1. State the number of residues belonging to the range 114-136 that are part of a helix (DSSP H, G or I), within 20 Å of residue 69 (Cβ to Cβ) and free of Cβ contacts under 8 Å to residues at least 60 places away in the same chain.
2. For the range 28-84: of the residues being in a helix (DSSP H, G or I), open to solvent by less than 80 Å² (accessible area, probe 1.4 Å) and over 30 Å from residue 126 (Cα atoms), which is modelled with the highest pLDDT?
3. What is the residue count in the range 86-95 for residues that are more than 19 Å from residue 71 (Cβ to Cβ) and either open to solvent by less than 70 Å² (accessible area, probe 1.4 Å) or within 6 Å of the ligand (Cβ to nearest atom) (or both)?
4. Scan the range 124-147 residue by residue and report those that are of a type in the set (Lys, Arg) and either touching a Pro at 6+ places or on another chain (Cβ under 9 Å) or open to solvent by 80 Å² or more (accessible area, probe 1.4 Å) (or both).
5. Is it true that some residue in the range 93-107 is touching a residue at least 12 places away in the same chain (Cβ under 8 Å) and in a loop (DSSP other than H, G, I, E, B)?
6. Residues in the range 97-110: is at least one closer than 14 Å to residue 137 by Cβ, open to solvent by 70 Å² or more (accessible area, probe 1.4 Å) and not acidic (Asp, Glu)?
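The values are calculated or read from the model by the stated rules, or taken from the named source; none is laboratory data. These numbers come from a predicted model, not from an experiment. With ideal geometry, Cβ positions are generated from the backbone for all residues, glycine too; neighbour counts draw on all protein chains shown. Remember, those area values only see protein heavy atoms, side chains included, never the ligands or the DNA or RNA. Shrake-Rupley method; radii C 1.70, N 1.55, O 1.52, S 1.80 Å.
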Amino acid sequence: MSRVTQLRTFMALIGGLFSVMAFAAVELDDTSRKEVYERIAPVTKVCLQGEECASNLGAAPVAASGPRSGEAVYGQFCTACHSSGILGAPKNGDSAAWNTRLTEAGSLDKVISKAIVGFNSMPPRGTCGDCSDEEFGNAVKFMSGLK
Ligand code: HEC
């Protein structure tokens, strides 16, 4: 093999190699291209006031999952007194006792509002200081069964 032929063969090989590499480089399918773009995307994006922010930052934190259930509030705050009936508290599930309260107060709303401000040994909001009226009412409904 002459030197020239050797050189040509070599060049052809190199050329082939390059074209294979070039081929590999451009032949990204849409999925991998998208992945590449995501990987090289800036970590944060600026969003201007009044504009929607880019969705890849995730939605704005969702306000907690709505009002707490009566069961949850009862279990955390009311059970201390209302499960045993300590200090004369009407007991959880004691419908006779709760019906008496209902008759005395006149309506469920009044039973609730009376307990929100507190009276005798019933502390305001039953010690659930951050309970909304709705959450407190849920707890009253849960343990009294009143509707
Ligand atoms: C420290 C004890 C205590 C805790 C804690 C407590 N209660 Fe009471 N609750 C009482 C007592 C005692 C009474 C009865 C007071 C009376 O009749 O003199 C009462 C009465 C009530 C009444 C009756 C109101 C009426 O019109 O007669 C409601 C409603 C009530 N509680 C709701 C709750 C809820 C809801 C919670 C929890 C968020 C709670 N309580 C936590 C002690 C407690």
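1. Residues that pass the stated criteria total 6.
2. If we take residues in the range 28-84 being in a helix (DSSP H, G or I), open to solvent by less than 80 Å² (accessible area, probe 1.4 Å) and over 30 Å from residue 126 (Cα atoms), then 32 is modelled with the highest pLDDT.
3. Of the residues in that region, 2 qualify.
4. Answer for the range 124-147, where residues must be of a type in the set (Lys, Arg) and either touching a Pro at 6+ places or on another chain (Cβ under 9 Å) or open to solvent by 80 Å² or more (accessible area, probe 1.4 Å) (or both): 141, 147.
5. The answer is yes, given that some residue of the range 93-107 is touching a residue at least 12 places away in the same chain (Cβ under 8 Å) and in a loop (DSSP other than H, G, I, E, B).
6. Within the range 97-110, one or more residues are closer than 14 Å to residue 137 by Cβ, open to solvent by 70 Å² or more (accessible area, probe 1.4 Å) and not acidic (Asp, Glu).
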